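Here's the structure, in structure tokens; my notes come after.
Every read-out reported here was derived from the displayed coordinates using simple, explicitly stated rules and does not represent laboratory data. This structure is a prediction, so every number in the text was calculated from the model and none was measured. Backbone-built Cβ (ideal geometry, glycine too); neighbour counts: all protein chains shown.
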């Protein structure tokens, strides 16, 4: 554990830098953080949640779009598998998409159409996490 703490200043600075940049570009202060690769430890939780008051979030649908950029059908397998035993009344989804990848717009549109056809309601992340103030 002690080994992780020596990296705390770098973690803190990177988090603050990204949060500040998002605010500069969008005018919106972040309230959540997705750790890169979904990897985190107690140090990151302490900094992100304890010091900055943000929630850590992960995804529960992984499109694996990074493995097959531009292949919408392969990306949609994550949705098919993720929703197979769920209903709009009992489950919500946060999906992992990488927007700078080739074909990401097509995958996003296919995912939106798919979820709407299953009668899911698309909401903001704040609404999904029930953190709307």
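Points to keep in mind about this one:
- Remark: C-alpha extents of the stretch 61-129 on the principal axes read 32, 24, 17 Å, sorted largest to smallest.
- Calculated log₁₀ intensity ratio I(q)/I(0) where the Debye formula runs over C-alpha points of the chain, q = 0.17 Å⁻¹: -1.05
- Working note: 222 nm ellipticity from helices only, DSSP H runs with n ≥ 4, each -39,500 (n - 2.57), summed and divided by the residues of the chain, gives -12500 deg cm²/dmol to the nearest 500.
- Amide N of the stretch 44-70 lying under 12 Å from the label point, which is placed 7 angstrom from the Cα of residue 102 along Cα→Cβ: 68-70
- Inter-label distance for residue 14 and residue 128, nm, one decimal - labels placed 7 Å from Cα along Cα-to-Cβ: 2.3
- The stretch 1-72: projected area of the alpha-carbon convex hull, averaged over directions, in nm²: 6.4
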